[in-house]
Each structure stands twice: as structure tokens, then as C-alpha cells.
Amino acid sequence: MNEIEQPMPSSAFFMWRLFTYRPWPQVVSGCCWIIFHSWALWPGLLAKAFFDLLTGEAPAGLTLPTLIALLLGLALIRVGAVYLDVFVGNKTGLRIRGLIQRNLLARILERPGARALPTSVGEALSTLRDDVETMWGAGWAFDVLAYLIFALGGLAILLWVSVRVTLLVFLPIVAVLVLAHRARTQLQHVREASRAATAQVTGALGEIFGAAQAIQVAGAEAHVIAHLRQLSANRRQAMLRDQWVNLALNAAFANIAGLGAGLTMLVAATALRSGEFTIGDFALFATYLMQVTEMTGFLGWMVATYQQTGVAFRRAVALLQGAPAATLVAHHPVPLTEPLPPLPVVVKEAEDVLEELVVRDLTLHYPDGTLGIADISFTLPCGSLTVITGRIGAGKTTLVRTLLGLLTPTHGALYWNGKPITTPATWCVPPRVAYIPQTPTLLSGTLRENILLGLAADEAHLTQAIHHAVLERDLAEFPAGLETVIGARGVRLSGGQIQRTAAARMFVRALGVFPCLFGEARAQGSATELLILDDLSSALDVETEQLLWQRLLAGAATTATQNGRPGMAHAPWPQLPTTYLVVSHRPAVLERADQILLLESGRLT
């Protein structure tokens, strides 16, 4: 089914699926809220009993100590319900919000890298943060149930007191429902506008932090600040409109209910003078009027928020990019306090061993119709070093990203040992393929966290990866070593250190850290089979670049000799893979190449 043609389920569907994810804790939490809201029935009855006791009209046996004991007991029950909900409900809410975020991130990560997000990063972050917070509302069913218990119970009691006066109490509720229905479209528009404006500011901040050096070099600080100021002004206006609509509706809810309460008080006072009401009846009625006013406002807020929740669900479904809408609320484990589950163990099997990778007629046209690459065919034999070279814009990076499945080719085919690769994005990963992009991305955290990214590699493999990346001298200069916090996107590192940290991240996966099912069939054991490097040394000084390629190609030569290729001197770390695909224009690399792929305007010449 086409992405646009997929039906959008109602908000109730999503909320029911979220409820069934953790039903019993939510039932407990919901019962707590039912107790909390329906507690409003008791103060009026206690007030009536108190005044009837003072006027001598109370039932026999009812005393003041009994009323005080009942009041304290009911208050303790309500406080206990609040604390129980905090204990159970908050944890459940965190787990359910985590489930939604987990499902959204899983869908984003399974998309091709160049099309992971349908919108800007800022809009995606806004959905993952703000919209997910809004989505968690399955407990509203219990709020509605509590409201119905209060409304029906209160209605029965008030009808028992006076039918005529009671009808005036519920007229404001009808007005609120009509008003909320009329305001539905306006609420959706202003909420969507405020979310979009917030996403633009968030995305701009991320881009500014990531390109701080480029902005400074270009002397564009004033223009960037002016742009950010304009985005902030747009967001402020959108948020003000959103708040204005909400406040206007809340004011209308409160005023309509207050008007109804005032009219009811006048009618009740008349009934009191005529002897139709006792003082206890009047106290009961007055108490319920205030509670009905509050509950009417709550009902209006609930209706308005339900409409906003629909906006949040629609934005989240758009982020799924064609996946079924039910994917958003699919049930998966979300650990919180218990130990985190280990990452899945990647097992290298016999079919993963590379003998030959064949690329046939690979072509990619970008969505705007421009040509990326066209009719590219070549073969990577096991143990070979292949270099892709060409001028800027020739299509080198496009070719690599298409091979990896980060871009979807227009046509063409890939064959691993003669078998077609139908999904390159899931096949071309460790332990088969390891890759470092031309402009690697680091995350906030320590060097160790950025290199491992959750991988359970031992210190020996980590040390080897750091050695191959020529990062050991930099670590020696960092007081905290591998525990050095590098800041957002590695802002505390130089360009060369960023590249070599990303290289160490790739090398630690390229080394033998994966279980091998077929024994020691290869000298490199369970190492990654194919290593793809996109202009690895572009930000390195001459000395560091020479040392990096010396170590890398020495490892390639050693394993190549073991596979029948002429090699160089023995490498200190003979566990690197045997097959390399490298984007480079460095003479030292070109001289070592078994084959060179020269690209011109997206074609192999």
C-alpha cells in the first residue's frame, strides 16, 4: 500500500494499544484516579450530615466524632490513592513513553541512511520528545469513568434534592461540549503550527552547534544569529497563539460553569426561603455546585487535550514513513530498573565469508532527476585492495553509499559469492562489512562510549583498534584517556581526531570480535570480511596519514600474503580483514592498489 493511502487509525485505537501493553499497572493507576475524582461525592454528603446534625434533623446515632472519623478516613484513602498512583503510574508512564520512542527509533534506524527522516532533525526531535509526552493518555479512560461516577452519583443526589435546580447545574456541561467541538479545528491548527515552529528552532540549534567552526571561519555569526532570532520570533508567535487559544477555552469553560453555578445558587436560595430546602440540603447543593464547576472545566480540558493528542499521533505516524500505523504502538520489552538486556550476538557463519563481491550495472538517479552514478560494474576478489578515485563530485561517495544500502539504486545488482544481495542495508554490516564515512558523526559522551557504542569488545581488541587508528598518542595527552568527554558531536576534538575516533569505532568491529561457527577457516578468524573507507585521511596531517596507511596496508598485506597475494612486511596486528574498498586520491594508496576505479561524472571510465 502506498504511504499516502494508508488509513490513519483514531486516537482511541492507539490509546487502547498502549493500555494493553501494561494493563494491570494501568488498572491500578486508573482505580487510584477513580478514587481521587469520585471522592468529590463525599464532602457534600458530610456537609449535609453536619448541618443536619446542628439543626437536629440528622438520623439517630450520627454524632460529630463519627463525622470527623469519616472525614479523616476518606481523606486518608484519597491520599493513599495518590501515593499508590505515583508509585505505580509514573513507572508505567515512563515505560509506555519509552515504548513509543523505541518504536519510532527502530523504524528510523531500519530506513536507508539517506532517507532515515522524512523531515528535519529538529522536527523529528520535537516528535520524539514533545509529541510522545502528549501521546501518553490511555489513563484518560479512567478519568472519564471517574467523571461519570461523580456525574451520575451527583446527579442522582441532586435530583433527589430538587429536579428543577439540578437541570440548571448540567446546562454548563452541554455548553462546554458544544464549545469544545466547535474549537476542534482551531486547536489542531495552532498546535501543529507551534510544534513545527519549535522543531525549526531545535533543528537550527543542532546545525549551528555542528557547524560552529565553519560559521566562524566564514564570519557568518551575525547572519546565523539573525536567522536564529527570526526562527525564535516565529516560535514565540506560534506558542502565544497556542497558549491564547487554550487560555481562551479554559476561561470560557470556567465562566460558563460559574454562570451556571450562580444561577443555581439563586434558585436554591429561593427554595430555601420557601422551606423546600433544609440547611443541610443547601450545604449539599452548594458543595456539589463548586465540584461540578471544577469537573466541568476538567471535562473541557480533557476534550481539548484529546484533540491535541490526535495531532501528536499523526506527526508520529508520518515519522514511520510508510510502515503500518500500528507499528507506533507495537509491544516490545522496555527495561527500566532491571538490568539492560545484552546486545544481540552477531554470529559469523560460513556464508558470510567473502570470496567475491560483484557489482553489476549499478545506477542511481536522485529524486530531483539528476544522475548520481550510472552503469557501474566491477568485482572485488577476496584479499584485494580496490581504490575508488576521481575528482570532487565524480560520484565516489554516492557509489559507496549505494553499495551499503544507504541510498536505494534505480537499478543494478550486488552479488556476494554469487548470491544476490536483496537488502544491502541489512547485509552490508558487521561481521560482513565495516564502514567509515567521509564525514563521521560522534555522539555526546566519552571516547570509549563513542568507539564501542555498546559493543562488548575486550580491552585487547579496543587497544588494537586504537593502534590501527593512530589514536594512542592523542589518548596519552588526554588526562582522562578513554574516559574523556568529547562534547556534542565531538566538539572538543580536532577534525583529525574525530576521523580517527570514528576509524577506531570501525576497526574494533573489523577485528575478530564476533563468534565464528565454522572454526579457523580463515587466518583472521572472525574478523569482518570487507572494509570500506571513504577518504579516511582527509583531515590528517602528513605524518599521521603516513603512519595510518602504513599500519592499515601492512595488515592488508599480511593477510593478502596468506591468501596468495604478494605482501609487505609482517603486520603487528594480523587480524584485519583481507578485502578493502577505499575512496582516496593519495598516491601511497593508489600505488598499493590491485585495481583502481576512476569515476568521472558518475560513470566508471
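The values are calculated or read from the model by the stated rules, or taken from the named source; none is laboratory data. Computed from a predicted structure; not experimentally measured. Neighbour counts run over all protein chains shown; Cβ positions are idealised from the backbone, glycine included. We work out accessible area using only protein heavy atoms, side chains counted, and drop any ligands, DNA or RNA first. Shrake-Rupley method; radii C 1.70, N 1.55, O 1.52, S 1.80 Å.
Couple of notes before you dig in:
- Condition met for ASN103 (surrounded by 17 or more Cβ atoms within 10 Å (Cβ to Cβ) and either in a helix (DSSP H, G or I) or aromatic (Phe, Trp, Tyr) (or both)): yes
- Within region 473-500, residues that are within 16 Å of ALA211 (Cβ to Cβ) sit with their Cβ atoms under 6 Å from residues that are not aliphatic (A, V, I, L, M), at 6+ positions apart or across chains, in these pairs: ALA488/PHE209; ALA488/SER444; ARG489/GLY210; ILE498/GLY490.
- For region 515-544, taking the residues that are open to solvent by 20 Å² or more (accessible area, probe 1.4 Å) and modelled with pLDDT of 80 or more, the one that is farthest from GLU591 (Cα to Cα) is identified as GLU543.
- THR463 vs. criteria of a type in the set (Val, Ile, Thr), modelled with pLDDT of 85 or more and under 22 Å from GLU545 (Cα atoms): yes
- Filtering THR423, THR402 for residues that are in contact with a Gly (Cβ under 8 Å, 6 or more places away or on another chain), surrounded by 14 or more Cβ atoms within 10 Å (Cβ to Cβ) and closer than 30 Å to GLN595 by Cα leaves a single hit, THR402.
- Residues in region 438-459 that are touching a helix residue (DSSP H, G or I) at 6+ places or on another chain (Cβ under 8 Å) and open to solvent by less than 40 Å² (accessible area, probe 1.4 Å): PRO440, LEU442, THR446, LEU447, ASN450, ILE451, LEU452, ALA457.
- Among residues of region 444-460 that are more than 20 Å from PHE478 (Cα to Cα), none has a Cβ under 9 angstrom from a residue that is open to solvent by less than 40 Å² (accessible area, probe 1.4 Å) and of a type in the set (Asp, Glu) at a sequence gap of 6+ or on a separate chain.
- Qualifying residue in region 587-597 (condition: modelled with pLDDT under 75, in contact with a Lys or Arg (Cβ under 9 Å, 6 or more places away or on another chain), over 26 Å from ALA456 (Cβ atoms) and not in a helix (DSSP H, G or I)): no
- Count of residues meeting criterion [at pLDDT 85 or above, under 27 Å from the mean Cα position of the chain (by Cα) and open to solvent by 20 Å² or more (accessible area, probe 1.4 Å)] in region 481-499: 4
- Some residue of region 323-339 being farther than 30 Å from GLU192 by Cβ and open to solvent by less than 30 Å² (accessible area, probe 1.4 Å): no
- Taken together, the residues in region 402-447 that are basic (Lys, Arg) and modelled with pLDDT of 90 or more amount to 1.
- Residues in region 106-116 that are within 14 Å of the chain's Cα centre (by Cα) and either modelled with pLDDT of 85 or more or surrounded by 14 or more Cβ atoms within 10 Å (Cβ to Cβ) (or both): ALA106, ARG107, ILE108, ALA116.
- Qualifying positions in region 345-383 - touching a Phe, Trp or Tyr at 6+ places or on another chain (Cβ under 6 Å) and part of a loop (DSSP other than H, G, I, E, B): VAL346
- A single entry from LYS48, LYS91 fulfils the requirement of being closer than 25 Å to GLY153 by Cβ, among the basic types (Lys, Arg) and at pLDDT below 85: LYS48.
- Yes/no for GLY122 being open to solvent by less than 40 Å² (accessible area, probe 1.4 Å) and within 30 Å of THR397 (Cα to Cα): yes
- Failed item in (1) under 18 Å from the mean Cα position of the chain (by Cα); (2) modelled with pLDDT under 80; (3) over 21 Å from THR202 (Cα atoms), with ALA141 passing the rest: (1)
- Scanning region 213-249 for residues that are open to solvent by 40 Å² or more (accessible area, probe 1.4 Å), among the small types (Gly, Ala, Ser) and under 26 Å from the mean Cα position of the chain (by Cα) yields a single hit, SER232.
- Residues that are modelled with pLDDT of 85 or more and of a type outside the set (D, E, K, R) were ranked within region 16-26; the one that is farthest from TYR288 (Cα to Cα) is TYR21.
- Residues of region 397-436 satisfying the condition of being farther than 19 Å from ALA502 by Cα, in contact (Cβ under 8 Å) with a residue 24 or more places away in the chain and assigned to a loop (DSSP other than H, G, I, E, B): GLY405, LEU407, THR408, PRO409, THR410, ASN417, GLY418
- Number of the exception - THR386 against (1) part of a helix (DSSP H, G or I); (2) touching a Leu at 6+ places or on another chain (Cβ under 6 Å); (3) among the polar types (S, T, N, Q): (1)
- Whenever a residue of region 74-93 is closer than 14 Å to ILE35 by Cβ, its partners that are outside any helix (DSSP H, G or I), lying with C-beta atoms within less than 8 angstrom and at least six residues away or across chains, give the pairs LEU74/TRP39; ILE77/TRP39; ARG78/TRP39; GLY89/GLY139.
- The residue that is farthest from the chain's Cα centre (by Cα), among those in region 2-55 that are polar (S, T, N, Q) and open to solvent by 30 Å² or more (accessible area, probe 1.4 Å), is THR55.
- Residue, surrounded by the fewest Cβ atoms within 10 Å (Cβ to Cβ), within region 275-292, restricted to residues that are at pLDDT below 70 and aliphatic (A, V, I, L, M): MET290
- Some residue of region 149-167 being basic (Lys, Arg) and at pLDDT 75 or above: no
- Condition check for PRO342 on (1) assigned to a loop (DSSP other than H, G, I, E, B); (2) in contact (Cβ under 8 Å) with a residue 60 or more places away in the chain; (3) buried (at least 17 other Cβ atoms within 10 Å of the Cβ); (4) not aromatic (Phe, Trp, Tyr): one failure, at (3).
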